[in-house]
Amino acid sequence: MNKKILSLAVAAALVAPGAAMAEAILYGKLNVSLDYANVKNVVLPEYGFATDANGDVILDTNGNPTLVRTEPGVDFDGWGMSSNGYIPGEGRASRIGVKGSEDLGNGLKAIYQVELGINLNDTNNNVLSNSDSITYRNTFVGLAGDWGTALLGRHDTPMKISTGKLDLFSDTMGDYNGTVGFRDLRADNVVAYISPSLAGFQLMGAIIPAGGATGGGQGLNLNEDSLAGAYSLAGIYSNGPFYGSVAYESLGNQHFNTQVASLAGNNCPVETPNVANRDPSDPFTSTCAYTDDDSTAWRLGLGLLDWNGFSLTGIYEKRDNEFPSGRYAAFTNPADGSFNTFFPGGPDEVELWQIQAGYAFGNSMVKAMYGQADYSSDYEFGPSAVAAAGGDLAGKIASDLYSNQIETWSIGFDHNLSKRTKAYALYTAVDADSKDTISATQWDGFSVGMMHSF
C-alpha cells in the first residue's frame, strides 16, 4: 500500500496537474560493482626526432624526420567501482522512473514515462564530492492502441532495441558497447512508432528532427533542418526461444558539421594560424573539418534464448563513414611545439561481430562471449601532413586510427538471490592494434557486482 501511495505521489509531481491517471508505477534498477582493471597506456608513450651521434636528425627513406619513442607509456593497474576513473567498460546504468497511462476511450490510451539515470558511485573523478549528475533516460509521452504505439521525446533508437535482449553481459564491464563497440544510441527529439506484435513480428521506426542542433557536439548548424536528418528502422521476430532482428540507421552528415564548416562545404579555408605546411588538397584543418557523407549502419541479430536453460546469440554490424569525433590532434611538433597536425575524424568502414553463450541451472548461469571489430579507411594523408607529423610514424598513427582491429572476450557467472536481486562475477579482456598510439584500447579486468530491480 505504501509503495502505491509513493508511486502516485512521485507521478503527480512529474506530470501535468489534473491529469486523470489509470495507473502510475514507480520502478527502477540499482546496479553497482567492485572492479579491478589493468589498462595499458592511459598516459601515451612520448616520441621525439631520432638523431645520430652528431646530433643531426635522421631522415627516413622519403626524406622526412623519423620519430622514435623517447618515453614509455604509463599503465593503470588498480581498483575502482562501476566504471569510474580509469576503470573501463560501460557504466552500470542504474535508473529510477515513473510510467503510466490514461484511458481515453475507444481502445486508445495516453502513455508517459519519466526515467532518470542515477549513480551509486563516483562519475566525476571526485570521490568526496557527492555531486554526480542525474541524467535523463527514456522519457516521453505518446498514444497507444490496437494499431501500435506512437511516442515523442527521448528514447532508445530501434537499432539499439533490436539486439538489447541478445547481450548476456548488459550493463556490466563486459557489455557489448564497451568491449566490441556496437553503436547503441539514445536520441533526443525522437518521433517513434512501434507496431503491435503479429505472430511474433514487430516493426519499429524513429526519426530525429534536430531543429538546427547537431549530434556530434558541433553546436548549432542552420543546415541541420530536416524532419529526418537522422532515422532508425528495425524489424524483430520473437517467438518462444527464437529471436531474430534486422536494423538500419542513418545519421545525416549535417549532424557532424559546425555551422562554419557546413556553410563553407568542401571549400574550407586552408590557412590556419596554428598549422604549418598544410597540404592544399586536404580540406581538413584546425578550424574547418567538413563531413560530406552520412554515417550509416545496419545490424543483424540472431538468438536462441533460454531453450532448456541454454542461450546462444550472435550479432553482426557494419558501419560506413564512421561519424567523426571532431578533429584529431595527433601530434605536437617535438622540436618547438609550434603546431599540431590534424587528421579527419573517422574510419570509412567498421565491421563488428560477437557471439555469446550461456547455460542456466537452478538459480545460476555461466556465460561467455567473444567478439571482434575491424576499422578500415581509404584516406590518404597529404605529403606535407605526413612530413610535419614525423614521417613513418604518422603512417602508423593513421593506420592505428583508421585500420585498427579489436579483439575481446568475457566469461561470467550470475546467481539470482531472488526474482529481483542478482549477484554476478566476470572477467573481460580487450586487445587492440592501437594500444601504443590511442589511450586505453587494451585492457582486462575482473568485476563482482549486484543488481536489484523494483
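The values are calculated or read from the model by the stated rules, or taken from the named source; none is laboratory data. Everything numeric here is computed off the predicted structure, so don't read it as measured data. Note: ideal-geometry Cβ built from the backbone for every residue, glycine included; neighbour counts use all protein chains shown.
Can you pull out every residue in region 101-117 that is exposed (fewer than 13 other Cβ atoms within 10 Å of the Cβ) and either of a type in the set (Gly, Ala, Ser) or within 12 Å of Val141 (Cβ to Cβ) (or both)?
Gly105, Gly107, listed by residue number.
Yes/no per residue for (1) outside any loop (DSSP other than H, G, I, E, B); (2) modelled with pLDDT of 95 or more:
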position: Leu401; (1), (2): yes, no
position: Gly412; (1), (2): yes, yes
position: Ser418; (1), (2): no, yes
position: Ala440; (1), (2): no, no
position: His452; (1), (2): yes, yes
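Scan region 172-198 residue by residue and report those that are among the acidic types (Asp, Glu) and touching a residue at least 60 places away in the same chain (Cβ under 8 Å).
The one that is among the acidic types (Asp, Glu) and touching a residue at least 60 places away in the same chain (Cβ under 8 Å): Asp175.
Only one residue in Leu34, Leu8, Leu14, Leu67 is at pLDDT 90 or above and either closer than 30 Å to Tyr424 by Cβ or in contact with a strand residue (DSSP E or B) (Cβ under 6 Å, 6 or more places away or on another chain) (or both). Which one?
Criteria check complete, one pass: Leu34.
Between a residue in region 199-217 that is free of Cβ contacts under 8 Å to residues at least 12 places away in the same chain and part of a strand (DSSP E or B) and any residue that is of a type outside the set (Lys, Arg) and surrounded by fewer than 16 Cβ atoms within 10 Å (Cβ to Cβ), which pairs come within a Cβ distance under 7 Å, given they are 6 or more apart or on different chains?
none
Which ranges mark the strands (runs of 3 or more DSSP E) fully within region 313-386 that have 1 or more residues being in contact with a Ser or Thr (Cβ under 6 Å, 6 or more places away or on another chain) and modelled with pLDDT under 50?
Where strands (runs of 3 or more DSSP E) fall fully within region 313-386 and carry at least 1 residues being in contact with a Ser or Thr (Cβ under 6 Å, 6 or more places away or on another chain) and modelled with pLDDT under 50, they are 328-332, 340-343.
Quick one: is Ser286 more than 25 Å from Val180 (Cα to Cα) and either in contact with a helix residue (DSSP H, G or I) (Cβ under 8 Å, 6 or more places away or on another chain) or at pLDDT below 85 (or both)?
yes
How many residues does region 67-76 contain that are assigned to a strand (DSSP E or B) and surrounded by fewer than 16 Cβ atoms within 10 Å (Cβ to Cβ)?
5
All but one of (1) surrounded by 19 or more Cβ atoms within 10 Å (Cβ to Cβ); (2) under 16 Å from the mean Cα position of the chain (by Cα); (3) not in a loop (DSSP other than H, G, I, E, B) hold for Tyr231; which doesn't?
(2)
What number of residues within region 208-219 are buried (at least 17 other Cβ atoms within 10 Å of the Cβ) and within 19 Å of the chain's Cα centre (by Cα)?
The number of residues fulfilling the criteria is 5.
Residue under question is Leu143, and the condition is that it be more than 29 Å from Leu302 (Cβ to Cβ), touching a Lys or Arg at 6+ places or on another chain (Cβ under 9 Å) and assigned to a strand (DSSP E or B); does it hold?
Considered against the rule, which asks whether it is more than 29 Å from Leu302 (Cβ to Cβ), touching a Lys or Arg at 6+ places or on another chain (Cβ under 9 Å) and assigned to a strand (DSSP E or B), Leu143 comes out as yes.
Please go through region 236-264 and give me each residue that is of a type in the set (Gly, Ala, Ser) and either at pLDDT 90 or above or closer than 30 Å to Asn308 by Cβ (or both), ordered by number.
Answer for region 236-264, where residues must be of a type in the set (Gly, Ala, Ser) and either at pLDDT 90 or above or closer than 30 Å to Asn308 by Cβ (or both): Ser238, Gly240, Gly244, Ser245, Ala247, Ser250, Gly252.
Considering only region 234-244, state which residues are out of contact with any Lys or Arg (no Cβ under 7 Å at 6 or more places or on another chain) and assigned to a strand (DSSP E or B).
Within region 234-244, Ala234, Gly235, Ile236, Tyr237, Ser238, Asn239, Phe242, Gly244 meet the criteria.
Does region 110-119 hold any residues that are within 23 Å of Leu34 (Cα to Cα) and part of a strand (DSSP E or B), and which are they?
Leu116, Gly117, Ile118
Can you confirm whether region 220-228 contains a residue that is surrounded by fewer than 22 Cβ atoms within 10 Å (Cβ to Cβ) and within 24 Å of Leu30 (Cα to Cα)?
no
When region 77-109 is examined, which residues are found to be in contact (Cβ under 8 Å) with a residue 60 or more places away in the chain and assigned to a strand (DSSP E or B)?
Those that are in contact (Cβ under 8 Å) with a residue 60 or more places away in the chain and assigned to a strand (DSSP E or B): Ser94, Arg95, Ile96, Gly97, Val98, Lys99, Gly100, Ser101, Glu102, Asp103, Lys109.
Determine, yes or no, whether Val190 is β-branched (Val, Ile, Thr) and touching a helix residue (DSSP H, G or I) at 6+ places or on another chain (Cβ under 7 Å).
It is false that Val190 is β-branched (Val, Ile, Thr) and touching a helix residue (DSSP H, G or I) at 6+ places or on another chain (Cβ under 7 Å).
Give just the number: which of (1) without any contact (Cβ under 8 Å) to a residue 12 or more places away in the chain; (2) under 17 Å from the mean Cα position of the chain (by Cα) does Leu128 not satisfy?
(2)
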